[in-house]
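What follows draws every value from the coordinates through simple rules; no lab data is involved. Just so it is clear, the structure is predicted and the values come from calculations on it, not from any experiment. Neighbour counts run over all protein chains shown; Cβ positions are idealised from the backbone, glycine included.
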Amino acid sequence: MANGDITKEIEYDKIEVVQTWNIQVRKATAIMEEQADGSKTELSRGFHRHVLQPFNSVKADDDSWTHTATDISGEAASVQAIANAAWTDDVKAAYKTMREAQG
């Protein structure tokens, strides 16, 4: 980088497991400017939040349920690691049971 160059830095600064199966993710995007001494100055910072659950659950007209596993392949490696650790078989079964009970 050269003095005055502008860059975008992305950091997943909060990844939280809530209510056993919800993975709350906060992505911070910082706009940085390179200074003459090589240091960086943050010009702005924005946040995007989203929540992941182990399945997308849909109830059909015949009262049957379809639980489609959430595709986390597009998530950051750190988010994938936490989801894979948190979403054990027992947690997935409990999530399906909870969704079906909500009917």
For segment 17-95, rounded, prolate or oblate, judged on the Cα gyration tensor with a ≥ b ≥ c (square roots of eigenvalues), a/c < 1.5 rounded, else prolate if a/b > b/c? prolate
May I ask for the distance between the Cα centers of segment 1-71 and segment 73-103, given as a whole number of Å? 17 Å
Tell me which of A36, T66, Q102 sits at the most positive position along the dipole axis of the chain, charges placed on C-beta atoms (Lys, Arg +1; Asp, Glu -1). Q102
Counting Lys and Arg as +1 and Asp and Glu as -1, each charge on the Cβ, what is the dipole of segment 1-87 about the Cα centre in debye, to the nearest 20? 180 debye
Given the Cα-Cα distance of V17 and A85 and 0.36 nm per residue of separation, how much length would full extension add, in nm? 23.4 nm
MRE, 222 nm, helices only [DSSP H, n ≥ 4, -39500 (n - 2.57), over the chain, to nearest 500]: -7000 deg cm²/dmol
For segment 6-102, what is the number of Lys pairs with C-alpha distance below 21 angstrom, counting only pairs 8 or more positions apart or on separate chains? 6
